[in-house]
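Only one structure is covered here, and it is reproduced in the block below.
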Amino acid sequence: MRKEVKTQILESISAQIQETPNFYITDISGLNAEQTAKLRRECFEKDIKLVVVKNTLFHKAVESLGSDEANQLLGILEGPTAIMYTITPNAPAKLIKKYADEGSEKPALKGAYVQECAFVGAEKLGELCNIKSREELIGEIVGLLQSPARNVVSALQSAGGKLAGIVKTLSERE
């Protein structure tokens with residue numbers, strides 16, 4: 001491969017990392033054409049970009065991030081490597097887990113860089129599945145903030161009939 005082509009690919013990988021900073025490093029070797037097409041279709045449906053890369057070029061792109069966390073992933077860049085880029089942090093983990101639950105060994109998780117944290121090894125799949133997206137966290141916070149207000153309104157509404165009865169009784173006594 002010519003140097004110009006390598007530079008162009010490296011720039012493309014770096015731009016993709018800047019655009020979607022969450023990525024999963026996986027191994028999809030051994031999948032036949034039908035299985036690969038199915039995986040790519042499911043990735044497309046879940047807004048995950050699946051790309052097979054050369055380890056040396058991806059190694060340079062990760063180094064260019066300048067992050068100590070991301071540099072932890074450099075040791076796992078061996079053998080066939082496919083990268084799953086995503087905006088939703090836990091989507092690839094759930095997809096990989098779905099395949100594992102169906103009894104398939106591939107795609108196999110090597111590591112991930114999610115929300116500026118490195119996760120190395122297949123045993124981290126459970127943790128990655130439980131990561132909440134930004135929207136889920138905002139929804140939980142809004143729900144927690146609304147809860148006390150709902151309790152007050154509910155108490156006032158349930159006591160509203162009692163208060164009206166008490167006021168009526170007091171006005172009749174006068």
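The values are calculated or read from the model by the stated rules, or taken from the named source; none is laboratory data. If you're wondering where the values come from, they're calculated on a predicted model, not measured in any experiment. With ideal geometry, Cβ positions are generated from the backbone for all residues, glycine too; neighbour counts draw on all protein chains shown.
Of all residues in region 10-35, those satisfying the criterion of being buried (at least 17 other Cβ atoms within 10 Å of the Cβ) and either within 12 Å of K106 (Cα to Cα) or of a type outside the set (S, T, N, Q) (or both) are L10, I13, I17, P21, F23, Y24, I25, T26, D27, I28, L31. Which condition number in (1) in a helix (DSSP H, G or I); (2) out of contact with any helix residue (DSSP H, G or I) (no Cβ under 6 Å at 6 or more places or on another chain); (3) β-branched (V, I, T) is the one that T26 fails? Condition not satisfied by T26: (1).
Answer yes if at least one residue in region 62-74 is at pLDDT below 90, within 23 Å of E4 (Cα to Cα), assigned to a helix (DSSP H, G or I) and in contact with a helix residue (DSSP H, G or I) (Cβ under 8 Å, 6 or more places away or on another chain), and no otherwise. Yes, that holds for at least one residue. Whenever a residue of region 105-125 is in a loop (DSSP other than H, G, I, E, B), its partners that are of a type in the set (G, A, S) and at pLDDT 90 or above, lying with C-beta atoms within less than 8 angstrom and at least six residues away or across chains, give the pairs P107/A82; G121/G111. Would you call G111 in contact with a Gly (Cβ under 9 Å, 6 or more places away or on another chain) and either surrounded by 20 or more Cβ atoms within 10 Å (Cβ to Cβ) or of a type in the set (G, A, S) (or both)? Here the answer is yes, as G111 does meet what is asked. Within region 2-36, the set of residues being more than 29 Å from C129 (Cα to Cα) and out of contact with any Lys or Arg (no Cβ under 8 Å at 6 or more places or on another chain) comprises R2, K3, E4, V5, K6, T7, Q8, E11.
Filtering region 70-122 to residues that are under 14 Å from I48 (Cβ atoms) and basic (K, R) leaves K94, K97, K98.
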